[in-house]
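These notes are about the structure you will find just below.
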Amino acid sequence: MTTPPNILLIMSDQHSPRFLGSAEDEVVRTSTLDQLAERGVRFANNHCGNPLCVPSRMTFLTSRHSSDIRVWTNRCRLQSDIPTFVHH
């Protein structure tokens with residue numbers, strides 16, 4: 001049996017990438033995040049496809065566009081029959 005990958009996903013709301021010590025910010029000290037970035041993978045050029053929180057998170061979880069999963073506002077709910085990466 002193969003060992004499952006050890007993946008740690010950190011998402012923070014409204015966290016500008018420039019506010020990380022690993023991004024050479026001279027004021028902010030983020031030693032724990034810096035250590036994780038140094039030992040792992042850091043996505044420096046990623047973009048968000050939705051300006052709203054819930055649609056953005058649901059598209060991330062499902063790898064599908066918000067119009068495909070019918071989540072357009074923060075009041076929408078993801079249908080229970082739509083799989084996410086959490087199901088795996």
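The values are calculated or read from the model by the stated rules, or taken from the named source; none is laboratory data. What you are looking at is a predicted structure, and each value in this text was computed from that prediction instead of being measured. In this analysis, Cβ positions are derived from the backbone assuming ideal geometry, glycine residues included, and neighbour counts consider all displayed protein chains.
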Members of region 16-51 that are closer than 18 Å to N6 by Cβ and either in contact with a helix residue (DSSP H, G or I) (Cβ under 6 Å, 6 or more places away or on another chain) or of a type in the set (D, E, K, R) (or both): A37, E38, R39, R42
Residue check, N50 at negative phi and either surrounded by 14 or more Cβ atoms within 10 Å (Cβ to Cβ) or not in a loop (DSSP other than H, G, I, E, B) (or both): yes
Mind checking which residues of region 19-31 are exposed (fewer than 10 other Cβ atoms within 10 Å of the Cβ) and under 29 Å from V86 (Cα atoms)? S31
Would you check if there is a residue in region 39-46 being surrounded by 11 or more Cβ atoms within 10 Å (Cβ to Cβ), assigned to a loop (DSSP other than H, G, I, E, B) and not small (G, A, S)? yes
M1 fails exactly one of (1) among the hydrophobic types (A, V, I, L, M, F, W, C); (2) modelled with pLDDT of 90 or more; (3) not in a helix (DSSP H, G or I), namely (2)
Would you confirm, using the coordinates I've provided, whether M58 is surrounded by 14 or more Cβ atoms within 10 Å (Cβ to Cβ) and either part of a loop (DSSP other than H, G, I, E, B) or touching a helix residue (DSSP H, G or I) at 6+ places or on another chain (Cβ under 7 Å) (or both)? yes
